[in-house]
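Inspection log for the structure reproduced underneath, given as structure tokens.
What follows is calculated from the coordinates using simple rules that are stated; it is not laboratory data. Not measured: the values here are computed from a predicted model. Every residue, glycine as well, gets a Cβ built from its backbone with ideal geometry; the counts of neighbours run over all protein chains shown.
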Amino acid sequence: MSTGDWSDMENDAVVASYFSMLSDELSGRAYNKAAQNRLLQERTGRSRGSIEFKLCNVSAAVQGLALPEIRGYKPRFNFQMSLAEAAARWLAQHPEWEQALYRSRPREIAEPQPLFVGIAPTLRNAPPPDELEQMQRVARRFDVVGRDARNRALGYAGEERVYHHERAHLAQHGRSDLVKEVRWVSKEDGDGAGYDIRSFTLEGRERLIEVKTTNGWERTPFHISQNELEVAQERREDWCLFRLYDFARTPRAFELRPPLEAHVSLTATSFLASFTDRTEQ
């Protein structure tokens with residue numbers, strides 16, 4: 001039996017097996033974990049128990065990469081960064097997989113039921129500091145925030161889900177008069193308004209909703225623009241951030257209301273470079 005650190009070839013093999021099983025699970029297809037383990041034993045020379053433990057490490061790595069993990073492989077942390085690098089390599093070689101990930105779910109009816117909107121992450125429900133730091137380190141290293149932001153299919157699907165959620169919520173509470181007034185602003189008018197959906201409270205007050213969607217866990221970081229922050233400040237009584245997570249499996253959500261600094265740490269990640277007239281200096 002092989003011992004010691006896992007090589008890149010071994011990591012690539014276990015990651016490929018993991019994504020194969022994850023694809024089957026998300027699509028509702030049957031798969032055989034024991035058969036996959038035996039195949040990996042042949043390919044790597046590792047023991048059954050070692051492979052099972054490594055697959056749990058992969059669950060932790062893909063969680064850091066803002067992806068769903070396989071049920072039954074509970075994330076085990078303190079994995080080597082080389083394992084996250086192997087997962088990132090697999091994703092780079094299969095770009096179509098993540099682009100279509102949200103479509104792995106069964107198609108919902110035209111007007112789905114409202115989402116369950118739960119409690120936002122807080123210090124009280126945070127994972128152990130070492131685990132959280134490892135997740136954040138993977139997220140920074142592989143720019144999962146930028147990847148989510150660039151995934152137009154994911155962003156569009158998330159906004160669509162929230163649009164139908166708002167309409168269904170109003171309809172269920174007897175405000176059919178407001179249902180037809182809900183607008184998908186980013187789709188109809190384009191980006192730039194500082195929010196994606198214009199909806200209403202049951203009392204008829206405007207709800208300006210900025211949607212942020214991820215296939216990852218609830219603490220996956222996200223991008224927010226300067227314009228969105230300014231609108232949040234100007235319309236703080238009406239604006240909210242609607243965070244959708246675990247979107248590829250069973251979408252869950254929570255809301256954040258201004259000031260956002262009360263809920264999250266805002267970190268500048270880029271700067272605007274403008275030309276100035278040096279004669280004015």
Exercise. Rank these for me by crowding, 255, 69, going from fewest to most other beta carbons within 10 Å.
Key: 255, 69
Quiz item: How far is helix 81-93 tilted off the main Cα axis of the chain, in degrees rounded to 10, range 0 to 90?
Solution: 70 degrees
Practice problem: Starting from the Kirkwood radius over alpha-carbon pairs of the range 156-265, derive D by Stokes-Einstein at 25 °C in a medium of 0.890 mPa s and give it in µm² s⁻¹. | Solution: 172 µm²/s
Exercise. Provide the convex hull volume over Cα atoms per residue for the chain, in Å³.
Key: 176 Å³
Practice problem: Could you tell me, in Å, what Rg and Dmax come out for the Cα atoms of the range 48-89? | Solution: 9.4, 27
Quiz item: Mean residue ellipticity at 222 nm from the helices of the chain, using -39,500 (n - 2.57) per DSSP H segment of n ≥ 4 over the full residue count, to the nearest 500 deg cm²/dmol?
Solution: -13500 deg cm²/dmol
Quiz item: Picking from 95, 258, 114, which is most flexible by a Gaussian network model of the chain using Cα springs under 10 Å?
Solution: 95
Practice problem: At most 10 other Cβ atoms within 10 Å plus a DSSP loop assignment makes a site exposed; report the longest stretch of the chain without any exposed trypsin sites (Lys or Arg not before Pro). | Solution: 206-281
Practice problem: List 177, 196 from most exposed to least, where exposure is judged by having the fewest other Cβ atoms within 10 Å. | Solution: 177, 196
Exercise. Pick out which of 264, 145, 182 has the largest mean-square fluctuation in a Gaussian network model of the chain, springs linking Cα atoms closer than 10 Å.
Key: 264
Quiz item: Please state the relative contact order of the range 133-262 as a whole percent: Cα pairs under 8 Å, 6+ residues apart?
Solution: 20 percent
Quiz prompt | Within the chain: Cβ-based charge dipole about Cα centre, in debye rounded to nearest 20 (Lys, Arg +1; Asp, Glu -1) | solution = 1020 debye
Quiz prompt | Volume of the Cα convex hull of the range 135-198, divided per residue and given in Å³ | solution = 108 Å³
Self-check item: Solvent-free Debye scattering, log10 I(q)/I(0), computed from the Cα coordinates of the range 1-96 at q = 0.17, 0.18, 0.22, 0.23 Å⁻¹
Solution: -0.68, -0.77, -1.19, -1.31
Quiz item: Which loop GluC sites (Glu not before Pro) in the range 174-215, with loop taken from DSSP, have no more than 14 other Cβ atoms within 10 angstrom of their Cβ?
Solution: 181, 203
Exercise. Would you order 169, 94 from fewest to most other beta-carbon atoms within 10 Å of each residue's own beta-carbon?
Key: 94, 169
